[in-house]
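Taken together, the values in this text are just the output of simple stated rules run on the coordinates, not laboratory data. Keep in mind it's a predicted model, so treat the numbers as computed, not measured. Cβ coordinates were reconstructed from backbone atoms using ideal geometry, including for glycine residues, and neighbour counts include every protein chain displayed.
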Amino acid sequence: MIKTYRGVALLALALVLVVPGSALATPSTTRHHHVVKGLDWLHTRQRSSGGFSYISTASSPYDTPWAMLAIAAGNNGPSHWKKAGKSPINYLQSIDLTSAAGQSDNVPKYYALCILAYKAARRTDLLRSAGSGQIDLVNKLESYATTVTTSGEPDQVYFAPVPGNTLKSTETTGWAILALVAARQSGAMIDDAVTWLEQTAVNVSSNPHDPNNGGFGREPKAESTTSYTGLVLQALDAADVANTDGTVQGGVDFLRGLQRTNGGFVDTPGATPAYVSSPVTSWAIQGLGASGVDSSTWVTTDGHGKRHSPYGYLIDRQVRNGSFYEFAGDKGDAIGATTQSTMALTGKWLPITLADKYDRTAHYNPWFRKGTVKPVNGTKSKVRTVTIQASYRDNPYGTGIKLAAVHVRVDGVSKTKAASVTASHLSLRLTKLKDGKHTVVFSIGDHAGNSAHTTRTFTVAVPTPTPRPSPSSTPPGGGNTRPGGGSTGGGTVITPTSRPTTAPSASATPAQTTPPTANIPGATLSPVPTPTPSFPLTPAASPSASVAGVVVGSSSGSGGGGGASAAGVAAVIAALVALACLGAFLVRRHLLDTMSGASRGYILHEGSSAWQRFWKPAGTPPAPPRE
């Protein structure tokens, strides 16, 4: 008998809206970070056809619906997750769903799973024309229903791969109820299916391991398991069965007995902690959440005194790249473990309904910070040394930038080893660049495998230096030069010419002359040798001579006056030096001539000899000897 207490259901819904993360689970913020990491890895499993798969490059028709459920549970719109322009919906619509169902281990279960995926993507409009065959998924699923009529009892309905055969019927009926509710179906078929499930629970006394255990197996009278019990509890909640119903409470009690000291759940009674797995623990968390139980309050203590919760167990199974191991230290079915663990950590259960504000996609690729990638496209450099740099980051709460995935290439050649690379910045100093266009490609990636790249181009054009004119070269513009002066060009530079190296000629030596004999009273001078000059007596240049030079003019007319002025000053100095040399030569020559006359006894006209005149300032010379 179905017991529906909508007032209780509304109260539970109100609590879900009040408590963050839904399903009354705490701490929701911490779990959200791990959900993002799970989606980060799942994003790398999307293929170019829009679907998902673990290893194969081709999308899987079985992994894709599960991925869509996890994406929607993480508040993302599956229709907006695109690869090469195609979404998971595009993929499902491109394949033959009837053929895919036929290759699964449970045909009606696959149809139900697809209905839930379309519902999570907010595309229930496609349920009547799904896949490349445009099939009606709801009619396909309902075709596997079997009605049980018992005299005096309400009709019951169950679903099974083979109508009329109860093999896998409990599992299939649970999936069918979830799918029909998601497809907005109502009426006797869902109510009769719930009645059949409750009646199945009454018959659990025939389970071999624990009579009256309250759990559910794959079919009636089969051994109860955590997975199927969690599934049925979600189906009962979808059909508005109250959490206080005896069937629901029996299922919750059964699950409590299968939790182990590490916080996780085993699938069958009597199994050791070694058989605890992420998918099984996820089914337990979702079944308990659907029954109004906060799994974070189910805390166990291990042999070391450490406390664990079901959520903590799942978090411990997550690896650096964001995926979840199926068992401790064993990847197993990584995509199945990741999709189910991600859903469980969101605190949501089936069927997943995506709110309007979440019908979008988040960004899971790392990205470059705006304005930090340099040089800017089109930059022109006049030097051969250029510094390139970029700053980047991963999406919030993602798996983080992986240093080994950061690369830089310049003109197709890797320069990563020469660059300074951190988790947020890259810089590289390029030297000896050739003239022309250069291309830089920055690539980054996170630990999940998501990547991004950007390209920058710049040009190096170093100006050719203007050659300096030689000191002896003719100035540009053909400026005239003149000794000691400016040119018609502009500013001038005077370059002295080389000094003549030719020895002075004999004619340049002053000739010795004999002064006229004079009678000098009272004095007789003895001849003295003529002194030899200590340096060549070269006639000095004429006062009118100028310094020869080379004048180099510039193109600037304003500099000509300065050059001419400098040349004039130099000419004046040269003339003064020549006059000084000439004066010294004449004085010395006069002195030598006078001394030569005195040595031969000539008397000056004033009555004294040259020697007497010479010594007069020093006193009276000695009296000449008498004859």
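Quick look at the values:
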| item | result |
| --- | --- |
| Under 18 Å from LYS380, Cα to Cα: aspartates and glutamates that are on another chain or at least 8 residues apart | ASP411, ASP435 |
| Placed amide H near SER381: partners under 5 Å, 5+ positions off or other chain | THR459, VAL460, ALA461 |
| Local electrostatic count at SER49 - Lys and Arg +1, Asp and Glu -1, tallied over other residues with Cβ under 15 Å | +3 |
| Local electrostatic count, VAL462, Cβ distance below 10 Å [Lys/Arg +1, Asp/Glu -1] | +2 |
| Where labels lie 7 Å past Cα in the beta-carbon direction, separation of ASN139 and THR272 in nm | 5.4 |
| Paramagnetic reach from THR301 (point 7 Å along Cα→Cβ, amide N under 15 Å) across the stretch 256-276 | 261-263 |
| Full-extension gain in nm, LYS82 to VAL413, via 0.36 nm per residue minus C-alpha separation | 116.0 nm |
| The stretch 6-358 - charge dipole about Cα centre, Lys and Arg +1 at Cβ, Asp and Glu -1, debye rounded to 20 | 1400 |
| Under 15 Å, Cβ to Cβ, from LEU127 - net charge with Lys/Arg +1 and Asp/Glu -1 | +3 |
| Under 19 Å from the ASN377 label point (7 Å along Cα→beta-carbon), backbone N, the stretch 430-460 | 437-444, 452-460 |
| Ranked list, fewest to most other Cβ atoms within 10 Å of each Cβ, for SER291, SER49 | SER49, SER291 |
| Difference of contour (0.36 nm per residue) and Cα-Cα distance, THR30 to ASP253 | 77.5 nm |
